[in-house]
Each structure stands twice: as C-alpha cells, then as structure tokens.
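Undergrad: Below you will find the structure I want to go over with you.
Just so it is clear, none of the values below were taken in a lab; they were calculated from the coordinates. Not measured: the values here are computed from a predicted model. For neighbour counting, all protein chains shown are included, and Cβ atoms are generated from backbone atoms with ideal geometry for every residue, glycine included.
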Amino acid sequence: MSRLACPYCYHRIPANRLWYQCSGQSAPGFKACTAVRDPDRERETGLNVMSRPAYGPQRKLIPAPRKEVCPACHGASGIRVCPCCHTPLSVNFAESTSPLIAMVGAKNTGKTVYLTVLSQELRTGLRRRFGADVRVSGDQPSPTNTADLYSNRKLFEQTAKSNDGRRDPLVFEWRQERQVLRRNTFKTSFLSFYDTAGEDLIRQDHVHDLQYLGAADALILLLDPFMLPEARDRVRLPDEAVKTGEPTIEVLSRITEKLRVTHEVKAKNKIAIPVSVAFAKIDAFYDELGSDHPVLQTPPTGPEYDDVSGQAVHEHIRALLHEWGADDIDTHLRFNYANFRYFAVSALGAQPNYATKEIDPGGIRPHRVDEPLVWLLSKFGVVPVRGQR
Amino acid sequence: MSFDQEAYEREVVRPLRGKRGKLPPPPVMYAVRPDLRDRAALEAHLKRVRAFWGQKARGNTNAGAVCKQFIAADEELKRTAGGRLADPLWWQDQFRQSADDQKAARTELVRKLREAYGASGRITRAQLTAIAQHVGGGEVAQAEAAAREAGLTVIDVLELPADCGLSRTQYDQLRDRLAEAGARTVVHLLHPGLTVPFAIARGFTVAGRPQLGLGPERITEQLEQAEKAADSTATRARKTALALLRSAYTKVPDLAAIALFHIVDQVGDAHRAGLDTKFVAAQIAELGVTEADAQLIAISLPSTGGGPERGLDRIQKLIEGRRLGEARAALAALPGDHPEHAAATELVTKAVAAFDDLLRQAADAERRHDVAGAARLLQQAGELDADNAQVLAAQERLPAPDPAQLSLAEHASPPGVRLSWAAGPGAPGGLTYRVVRGDDRPPVHETDGVRVAQSADRAAVDAGVTPGRPAHYAVFASANGTVWSRPVTGSITVLPRVGEVTLDADETSVSGSWQQHPAVIEVRVRRTRPGPGTPIRVTGHGFRDTAVRVGEPHHYELTAVYPGPGGREQLAEPVVASATPRGAARPVGDLAVEPLTTADGALRVRLTWTAGEHDEIEIRRSDRPPAWGAGEQVPAARARSFGAVLPGVPVVRGGMATMDCAVPPGQHVYVPFSYGAGGAAVGRAVAMGVTAPVTSPQLRRTGDRIILTWLWPDDVGLAEVRWDSPRAGATFTISRAKYDAESGCPLTAPTGGGSAEIRAIAVGPTGTAQSPPVTCSIGPRATRVAYTVARPQPPSGKPLLAKLRDRVRDRARVVALASEDECHDLEVVVVAAAGVAMPMRATQGTELARESGVHLRPGVPYPIAIEVPASFARPYWIRCFVEKPGGYAVTDPPVDQMKVS
C-alpha cells in the first residue's frame, strides 16, 4: 500500500484509504451537517477552525471509492481529507507522488526569504520552464510573504518559533503533462515545504520536537557561508549581517542525529533521503569568485535537470569548502548521507541593507534558487534528468 | 423688543458667575422671548445681545468670564445652526425644547428631593436655595414647588444665637454650675419641677401651661427657694447659677436666648462630630425640648462641612475670590467682639488700601495719557474686586492706546493713498480703527474730517484723495466704538503715474497709449534713446514717433502733470517704456527640442532654431497645443497669454540659436513666437514629453548572461533599452512587469562587452514622455579556453593484450585545449591532485605538464599528453590551468573527465 506523508500533519497515511469530509449537502429527509470544531485537526495541526465532520470509508475496498456517504446526514461527499488531521487534500492527492520536502537551516540563514523567492519562482520561472501547472494547494491562502518581499522590499522579521513543531506548511500542487504509451496523461505531485525557525534547531530537544523532519522525503539544508570564518573574512560584511556564531557543523550534526532517529538509520548506514545542501547569500562572493566561476554561471534552462552542470557546481562548492577550511562539513555529509548535492544560491541577488532590512534598490534578482528543488524533483522522477551517467 | 441689559446681567449673567460650563438654554442665553417672531427684529436683538457680551467680555470680571463662555457657545451655535439662528421658527423649537427640558429636570429634582429628604419630610429654605443654585437651575420658586411635590415641608431655619450675652467666662461658669445643680437646661433651673416638654425655638412656652415663663421674677422666686434649701454642693451651684442669670438679665433680657444657646452648646459636639440630624434632634428632645422644636433646632445648626465659612475664613476666601466688596460687607456683619474681628479687619483694610491705591494710580496714568498703564492698573484693581462698579466704569471710559507708526504711500490701483499703522503699545485685540482725512490740517478727533475707513484692519486705501494736493490723515482706535484714542497723524501728496502704457512698433514708427488720472492736466512724452531726450508730441492719450531706427531699442519717458497749490505744476514720477521698431514678425519653422542628460537628475531640454536678425523670439510651453496654426499672426498680448515662457537667454552660434532650460516632467507643447510689427507670428509647435530618468543603472555578468538593472522612477511603466554590443546589439522596450518577472533586463553578449542606454517612458493622456538617456557599460568577458581530458586512442594494430594492460593501468590521458577565439602565447599547466576536492589552483596539485607559447586557433584542438604517476591513489583529479597571460578563463570539462575515482 502506498503511504504518503500528509503535508499538514506529517503522518504517513495510506494514499488509497483517505477519509472524506461531509459536503454539507444532506440526503432528503436528513438534517445537514454543520461545521463544528474538530479536536483532531486542532491536535494535529494546531489549527482551531470550524469544519464539517470527517469520516472514513464504510467498506474495506481498496482503493476507497471516490465518493462516500456521510453516516450522519447520508449525503455523498468526494472531499478527501487526511485520516489523521482531517485537513482537506486535493482530489489528486491519492493518485500523486507527493514528496514532503523539509527545509532546515540555522538561525538567520535566510530560510524564509529563500522559501518566499522559491515559491515565486515555482509560480513563474519554473512553471514556464517545465510547462507545469503550479498552484498553491488546499484551503490555505496564498503566501503573504511574497507580496511583502516583492512589493514592500523589506526583509522579514525573524520567524517565530514553532509551537510543538507546528506551523502552516506551504503546499504546491505541481501538475505536468507527460506521454505514456503515446497517450498524453497528467501527473500530479504535491510539494510541501515547511519553514523552520532557526532557533528550533539550536537545542537538541527542540530538534527532536520537529515532527516533520521525521516525515521528510527530502531535505533542503540551507547553510550560511557567513558562518564559515574563512569565507567570512574574504568578503566585506556589516556587523548586522552576522547575527549568530553557532558553528555550521553543530547545526548539521543535530539534524543528522534527528534524521537518524526518525528514519531509523543504523550507525553503519548512511541516511538515504536526498539532501540539497544549499549555500545561501552567494551574491556576497560575486567579486571574490569572479563572473566566470562555475557557481555563478547561469545554468541551462531546458525542461530537465542538467546533471553535468549540477555535478560541476557540487564539486566546486566542495573545493571551496576545503579552501575555506570547512572540510569537516563535507566529511560529515559524505559519511552520513548517501545522496546529497551542493548548491550555491542567492535569493535576493544582491546584499540587502541588514541594518534597515531593505533589499537592494535594484530589486530581487534570484540566482539558481530553484536548482536544489529541481534536483530533488529529478530524484523523485517529477522532472527528467539530462547528462546523468 | 428692547433688550434690558441690567435685568439681563442681574438675572442671567450674575447667577452664572463662577459656574464654568453651565450655560442656560438658548432662549435664556440670548434673552429671546416667545413673542419675538419678526426675523428682522430677532436679528437686531441678537446683535444687541452679542454686542453686550463683547463689551462685558473685555473686562476682567466674573461677568466677563460668563460672557466669554456665551461668546464661545454662540460661535459653536452659529457653526451648527448657521442662518437658522435668525429664524423665529427655530426659536419656537428651542422654546419647546427648553420647556421639555425644564419639565424633565423638575421631575428629576422631585425624585432627588424625595430620596434625600423624604425620611424627615422637612427641608430648610437655605438648603432649598442651595439646591436651586447648584442643581435646579437657579429658580428657588421652582425648587420650592418641586419640594412641595415631593411632599416636603419647607421650613425657615432658626437664626441660632451666636452669643448668649454673657462673657465666655461667665457662660462657662453658668454651664458648670447648671451641671452641678443637676439642671439639664436653664429652663429646668428656673422650673425644677417641669416634667413636660417645652418649646424654646421661638420663645419659651409649655403646652397647656401658658403661665410658665422665664422672666426675672422666676429668678427671684427660685433664688428665694434656694436660700431656704439645705446647704449642699448642688444648692450652692444652683444659687450661683441663678445669680449669674440675674446678672445676665440686665444685659440679655430674653433668658430664652440664653437657654437656647445652652441647649445648642450641649449638642454642639455631637453635631460637629457629624451625627445625623435625627440623632441630634433626639439629644435635644432628651433635654426636655418638644420634638418639633428639637428637629427645628437640629436642622438649623450651622453646617459643619461644605457650607459657607464665617468670620476670618469667609472674608479671606472672598478676598481671594476677587470679591472685596462682599468681604467688606462680611466684616461689617461680624460682631465687634468676635475673636477674629481684629484679624479680619486688618485683612480687609489692607486689601482696600491696595485697591484704592491702584485706582488712584490708574487715574494718574489716565491723566498722563498712559492708557496702557491705566488699563493695567485697573485690571489689577479688578483682580481685587472683580465686580466693582468704579473699576468697571473706569475701564469703560478708558480710551484705547493710541495707534502708532502711520505709514502713507501712493497706491497704484486704484490710484490713491495706502495707509498702514501699528497698534499702540499694550493695545488689546479686537480694537476698531477709524481713518479720517482732513484737507487742510490733520484731524484732531474722530469726526473731524472725511471718514475714509473704519474696521479692525490696520491698513486702508483712500481712493478719494485729490492728486497734487496735500492730504492729512488721522487714525483713531476704540475698544467699544464710543471712546476713541488720540490720533496718529501724517500727510502726503500723491501724484499718480500714467498706467497701462502700451507701445506698438513697426518699421516706420512707434505708437504709444496709456491710461491717466482724471486730474492730470498734461502728459509729457520724451524719447530718451536714441537721441539726447527728444520731446514727442502727444495727441489725446497717445503719441506717434515716426523718427525711428529699425532694429534699435527706443525708450520713452511719460510724465503726468497735475495742478498744485498756488497754480504750480506737480510732476509725477515718469514711466519708462521701450519698443524696438521692426518689420512684420517671421515665424520660426525649425524649432527642435531634445531632452538633456544632467548630472543632478533635473529635467532639462535643449531648444534650437534658426536665428534671424532683429528677431524677438519667445518659446512658450503649454500642456496643450495652441489654437493657432503655424505662420498665423496673433496679437502680442494673446501670444503672451499662451502657456508659460521658457526662461533663458539663447546663445546664437553659426546662425542657430540654442537655449537650455529646466522643465517639469510630462508631455509638453513648445511653441516659438516671433514678435514684430503687427503682433506675434506663431511658429511650428513641437510636442515632446520628458520624464524622470531611471537611476542606478548596473550591468552584471554571470557567464554568458548579462543582467541590466536600474531603479524605476515613480509612475513610469516602460523603458526603452538600446544595447550596443559587438555581436548582439538590439533596441527594445521592456515593461516594468516583465522587468520584475525576470528580475531585471537580461542581455546577451557572448564574448564582448557593451553599453546600455535606458530611457524611461511615461504614458500619459496626451502621449508618451521620454526621459533623457542613462547609460552604463560593461567590459568584455575573459577569453575562454576549454579543455577535455580523455584516454589516448590506442594505436591501431596494437595487440589486444597490450590494449587491456593500458586500460587497467589507466594512467595516460590526453588534455585537449580548444577556444572559440584566437589565443596566443599561452603558458598552460596540467596538474593532478589526490583527494575528494578538486584543486583550485595549479599549486594545489602536482604538475604533470607545462606548455609555453601555446597558440590556439578556433576549432583546432591543442593536445597535451600526460601520464599520471602511479603514486596517485584514487580518487584524484586532473585539471588544467592557463598560467599566462592574464585575462583567460578556463572552462572545465564534465567532472567525470577530471575526477578519477
């Protein structure tokens, strides 16, 4: 049985045994169900919203039928919900590949900015590049961060700590056309991103509380090159740009520990889930690296992931880590992760004014922000790969 | 309806003194009666009432403070009710509203009275008066009616004796002896066997026993009986008490008063301790007094709390409350032997002396014409006794301070005299000024001459003055419109110049015309240039000068002549006008306008046109095209009313006139006007818009891609980009939305650099406006040298075993260099480095090959054979670097070629 992670509560759920939510349209002679407080949803997601009752399939058919009759009002409903948290899911969820992509990083790494720009890229550049239909999924509103960043041109305040590991995830539905046996069909994938507050990772017990890490199918690990002392010394940075001095290797170690526990990885084995290790704020190194450096090249923009280019960047970043005396990060990753790749990204494209929290007047010019995601999508077969051997 | 000011002040204003925020309903405040139904009469009445308020408000009195509140309320009412204030129907509504309010207030008062006094069923008249003043709107009669409605009996309180007629020592002896004798009251001393209650409040009586009294015979009778009684402490005390009474009777014939004083004295402590009236009355009744009198006495006891103070305290407060007159009255009412009498007398005397002194000084100041000083002193006196009639009268008759600094100047239009002056020192606001003109001398009082103006302004224009003759002016000030200050005076003789001078010139003559004052007897015209000053003959209100030179400026001086005193001529200041004789104007047909780039970001345009000899050209800018076509002749005045002239002096060079000037952003129409004989010729109009340029242009290269960014000006949504590059030049328009979506403006420049020119384009209702260009450039990219790493091809015919051995060893490689560009004299190094990380520099690996003088031709690979030493354990890297010269970028092959693992 296919078991997917619910993008809202992170529980593994049987894709073909999703529950239903009453539509509110009762059968003749019965009183229609009304929206009530759902304690299960509140417990699992922290959301205290009114919703109509959820109920499971009446018979033990696999897969469960597309519609089921509400036991209370006897009206048929095709609204699918998670059996654990009762959050409505897309009608395509059961037939999709839905990797849950967690995004982690230390405090002040720029995760929220990165995720905001990435979500914008998903709906603009990436959508066009892969000819996909991308939209925000579920009953959540569109991310408001996007408007704040792009219109007001202000950086965000630090993300609030999660309460019991709960915060609204950002879920995108990615629908793409493909040919199977010369027939055009559509494949739908759900991408669920969860933005962690950096300080949730500072203490070991908080890391353990982050339930979603355990449910993650893939990881985008955002690292701050300003936290690498030798890298930091090579660029001119204002004091406000360096807000925390916690070594990157310590953050990384805790995440590794958490993943080993939740994914039940033996000590002799490596963690199997793919991990995109993205070094953020690379714009600060434009002058240091020079415009012809491979990590600053514009990647090929065809409708596939270019593995040759990605491999080149991966090795150059690794070389830079060794150059900057941060080879312990590379060693840790090599010894603990079976499938990881380095990326160099810049969400803003130019250094913001860290004191006033204003982005560069020239605007937002993201650099390779989508590559970590595209690589992960290629790993899940959502997008094709070019040049892989 | 006449407005009785005294009654109004007495009935409306005075009761409100010291009660800030409490205003009567509009009919009372404006003293409007229901029979006032005529609009004109109503307006006149309101005017009188307001005048009264204004007059009173000027004084620093309690009544003035009330009137200031009325004025403020009136302004608010004028704002809200507006013109309805003069509408009799509106006032009828106010009467109805007022009646309703009164009815509601009375119902509320009845309820409160019942609640507060219902238990005793009585209320004193003093309490009722206080309630009427503080709660019930001031009407005692209405309060009494409300009390009756509440079922209360209104009683007049007793005037309890403040003194018993005995000295304090005598009274203390009497009180002590009565106690020792066992007599509860004086009554019981004189009537020891009395067991029924007696009345004492309004004289001594015992119900049913009219024969009983408190006369001297009773004292004698009791003394006799005491003499007969056995000696004891009580008997001795009794005798002493009776002896004291007999002694007192000579001074106080009414023993009932002493008895009452003693009773009040006995319950004084309980009353001062704050016991309720009922308890105090019970105590009095226990002394043998009838219940009715006990209640009356208890209720008449002086208030211990917030009631009016007596003696020194009260006088002190009256003086502090600027009520010296009442303080004097209170002192007069204070008994001479009152213990605080001396101190109160000193206090009042001192205040009266100060008050009189201030009045005396004010009178002296007034005699010295020191109006400000007198006003100040009277104000100080008013602070001692605010409602003193003497002070108020003195303030009323005090004139305003004399105006000062009268300035007289000739006024051009209308022709006359402009006067301005300053308020006198210490003058209050709201003064009225009257300007009076005298023909032969300055006016000495406010009605001595022709009244020119009267207002609160401190400036006026007199258009009625006769030119050429002295005019004498006097300005008076008044606070109330009846008492006027002394004047400030000045004199002037005005000689208005000719006005609206117009000169028209053509090739043969200059004609002039003007407007002149009716008193002018002659206008003299003289040409001052060219020539030494030639008189020109005048005909009517104009002249024509035919002795002119084409193209040369001609200046004319026009002087108005007036008749002066004694038949002497008076000459006005001459007016100078100029004109240049010209032929017919030729329109400008080749005006060109282009936006300019400026360092400061200001918008400027450059205008060029063909310059003609003797041409007077004016370029005017407007937001809309002219109504005339090119080449059309229009009157010069109409041409000059079109748009705005562009400031600047054209520079003529090579027959072309050039002028740079600043313009606001937007779409404009530039029209050249040529002025000549017959008016102005309209030239070819040019429409062009300018908008603010983009700022902070920046080009950044990332590989083959170049991103152009800039800051958009507000309200600009389009930009035109011209990209000049050796291989990829283009001009295109980009929208702001596309710019945002693509995070800038992407450009392509495979190898070379280039320069970008950006013009902001604003689209408006009349067309598009373009900004001056902003440019930036980027240098060429480094020449790229690519290489591949491959195993060498085995020679054909080599034995298969040898091929397999080579394959297993796998140490030989061929590094093939290539470039799209011609490269000369390169020094190339190939290195190998062991480890997981690739070498970043040649020095990080072991040099396997070094080639100097390498020449690369496009499309022709340059192979370098290498052999990796056997000591290198996997994984290891093979990488190539160009050591010399600089400016080359090496492009690595795919990782699987470089990395051997």
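Undergrad: For peptide B:701-711, what's the mean number of Cβ atoms from other chains within 10 Å of each residue's Cβ? Provide the component values of the computation, followed by the final result.
TA: Numbers: counts 6, 12, 8, 3, 4, 2, 5, 1, 7, 3, 4.
The mean count of partner-chain Cβ atoms within 10 Å per residue comes to 5.
Undergrad: Using the Cα centre as the reference, give the magnitude of the dipole from point charges on the C-beta atoms of chain B (Lys, Arg: +1; Asp, Glu: -1; all else neutral), rounded to the nearest 20 debye. Could you put the intermediate results ahead of the total?
TA: Working: 107 positive and 102 negative charges, 470 e Å.
In debye, rounded to 20, chain B gives about 2260.
Undergrad: Assigning unit charges at the beta carbon (Lys, Arg +1; Asp, Glu -1) and nothing else, what dipole magnitude in debye, to the nearest 20, does the stretch A:289-389 show about its Cα centre?
TA: Values: 9 positive and 13 negative charges, 53 e Å.
That gives the stretch A:289-389 a dipole magnitude of about 260 debye.
Undergrad: Which one, A:51, A:92, A:16, is farthest towards the positive end of the dipole of the stretch A:1-95 when Lys and Arg carry +1 and Asp and Glu -1 on their Cβ?
TA: It is A:16, whose Cα lies furthest towards the positive end.
Undergrad: Using only atoms on other chains, find how many Cβ atoms lie within 10 Å of each Cβ of peptide A:291-301 and report the average. Each step should come with its number before you reach the end.
TA: Details: counts 10, 11, 3, 3, 1, 4, 5, 8, 1, 0, 1.
Mean number of neighbouring Cβ atoms from other chains: 4.
Undergrad: Once fully extended, how much extra length lies between residue A:261 and residue A:95, figured as 0.36 nm per residue of separation less the alpha-carbon to alpha-carbon distance?
TA: Numbers: separation 166, 0.36 × 166 = 59.76 nm, distance 2.94 nm.
Full-extension gain reported as 56.8 nm.
Undergrad: Now a separate question. Grab the other residues whose beta carbon is less than 13 angstrom from that of residue B:207, score K and R as +1, D and E as -1, and report the net.
TA: On the way: positive: B:209; negative: B:291, B:293.
Charge balance near residue B:207 sits at -1.
Undergrad: Please report the antiparallel percentage of the DSSP beta bridges confined to the stretch B:558-685, to the nearest 5. Show your work: numbers first, answer last.
TA: Numbers: 34 of 35 bridges.
Of those bridges, close to 95 percent are antiparallel.
Undergrad: Tell me the Kirkwood radius of the stretch B:43-92: reciprocal of the mean inverse pair distance over distinct alpha-carbon atoms, in Å.
TA: On the way: mean 1/r = 0.0872 Å⁻¹.
After inverting the mean inverse Cα-Cα distance, the result is 11.5 Å.
Undergrad: Restricting things to Cα coordinates, could you compute the convex hull volume per residue of the stretch B:783-864 in Å³? Could you put the intermediate results ahead of the total?
TA: Values: hull volume 9.4 nm³, N = 82.
Expressed per residue, the convex hull around the Cα atoms of the stretch B:783-864 is 114 Å³.
Undergrad: Would you give the gap between the C-alpha center of the stretch B:635-673 and the C-alpha center of the stretch A:1-71, rounded to a whole Å?
TA: The stretch B:635-673 and the stretch A:1-71 have Cα centres separated by 77 Å.
Undergrad: Could you state the angle between the C-alpha long axis of helix B:277-286 and the longest principal axis of the C-alpha atoms of chain B, as a value from 0 to 90 degrees rounded to the nearest 10?
TA: Computed tilt is about 20 degrees.
Undergrad: Multiplying the sequence separation of residue B:159 and residue B:230 by 0.36 nm and subtracting their Cα-Cα distance, what value in nm do you get? Numbers along the way, then the final one.
TA: On the way: separation 71, 0.36 × 71 = 25.56 nm, distance 4.05 nm.
Once the chain is fully extended between residue B:159 and residue B:230, it gains 21.5 nm.
Undergrad: Something else now. Can you put A:289, B:189, B:607, B:85 in order, fewest other beta carbons within 10 Å first? Can you show the working numbers first?
TA: On the way: A:289 16, B:189 28, B:607 23, B:85 19.
Fewest to most other Cβ atoms nearby, the residues stand as A:289, B:85, B:607, B:189.
Undergrad: Okay, moving on. Among A:285, A:298, A:322, which residue has its Cα furthest toward the positive end of the charge dipole of the stretch A:230-334, with +1 on Lys/Arg Cβ and -1 on Asp/Glu Cβ?
TA: So the residue we want is A:322.
Undergrad: Here is a further query. Lys and Arg at +1, Asp and Glu at -1: add these up for the other residues within a Cβ distance under 11 Å of residue B:525 and post the number.
TA: Working: positive: B:524, B:526, B:527, B:537, B:544; negative: B:522, B:545, B:557.
Every neighbour counted, the sum reads +2.
Undergrad: How long are the three semi-axes of the equivalent ellipsoid for the stretch B:751-901, computed from the Cα gyration tensor as the root of 5 times each eigenvalue, in whole Å, largest first? Spell out each step's value before the answer.
TA: Numbers: eigenvalues 433, 55, 49 Å².
They are 47, 17, 16 Å, listed from largest to smallest.
Undergrad: Can you give the charge dipole size of the protein assembly as shown about its Cα centre, rounded to the nearest 20 debye, using +1 on the beta carbon of Lys and Arg and -1 on the beta carbon of Asp and Glu?
TA: Computed charge dipole of the protein assembly as shown: roughly 3960 debye.
Undergrad: Can you find, among B:408, B:86, B:677, the residue farthest towards the positive end of the dipole of the protein assembly as shown? Put +1 on the C-beta of Lys and Arg, -1 on that of Asp and Glu.
TA: Positive-end residue among those listed: B:677.
Undergrad: So what's the angle, to the nearest 10 degrees on a 0 to 90 scale, between helix B:371-384 and the longest Cα principal axis of chain B?
TA: 60
Undergrad: Stokes-Einstein at 20 °C, 1.002 mPa s, Kirkwood radius from Cα pairs: D for chain B in µm² s⁻¹? The partial results should precede the final answer.
TA: On the way: Rh = 42.7 Å.
Reported coefficient: 50 µm²/s.
Undergrad: Here is a follow-up. Neighbour counts of other C-beta atoms within 10 Å: give me B:262, B:541 arranged from fewest to most.
TA: On the way: B:262 23, B:541 14.
Placing the least packed residue first, the sequence is B:541, B:262.
Undergrad: Which value at 222 nm does chain B reach when only helices count, each DSSP H run of 4 or more adding -39,500 (n - 2.57), with the total divided by all residues and rounded to the nearest 500 deg cm²/dmol?
TA: Here the helix-only value at 222 nm equals -9500 deg cm²/dmol.
Undergrad: Considering only DSSP states other than H, G, I, E and B, which GluC sites (Glu not before Pro) in the stretch B:776-872 qualify as loop sites with at most 16 other Cβ atoms within 10 Å? Before the final figure, lay out each step's value.
TA: Details: sites: B:820, B:822, B:827, B:847, B:851, B:867; in loops: B:820, B:822.
Answer in residue order: B:820, B:822.
Undergrad: In 10 Å bins starting at zero, report the fraction of Cα pairs in the stretch A:1-151 per bin as a rounded %.
TA: Pairs per bin, as whole percents: 10, 31, 32, 19, 7, 1.
Undergrad: Suppose the Debye formula is applied to equal point scatterers at every Cα of the protein assembly as shown; what is log10 I(q)/I(0) at q = 0.07, 0.09 Å⁻¹?
TA: For the protein assembly as shown, the Cα-only Debye profile gives -0.98, -1.16.
Undergrad: Now for a separate question. Among residues other than residue B:694 whose Cβ falls under 12 Å from its Cβ, what is the net charge (Lys/Arg +1, Asp/Glu -1)? Numbers along the way, then the final one.
TA: Numbers: positive: B:736, B:759; negative: B:714, B:720, B:757.
So the surrounding residues net to -1.
Undergrad: Another one. Please give the helix A:307-323 orientation as an angle from the longest Cα principal axis of chain A, in degrees from 0 to 90, rounded to the nearest 10.
TA: The answer is roughly 50 degrees.
Undergrad: Using the number of other C-beta atoms within 10 angstrom as an exposure proxy, rank B:534, B:80, B:709 with the fewest first. Walk me through the numbers on the way to the answer.
TA: Working: B:534 14, B:80 9, B:709 22.
So the residues, fewest neighbours to most, are B:80, B:534, B:709.
Undergrad: Separation between the residue B:141 and residue B:35 pseudo-spin-labels, each 7 Å from Cα along Cα→Cβ, expressed in nm?
TA: 1.7
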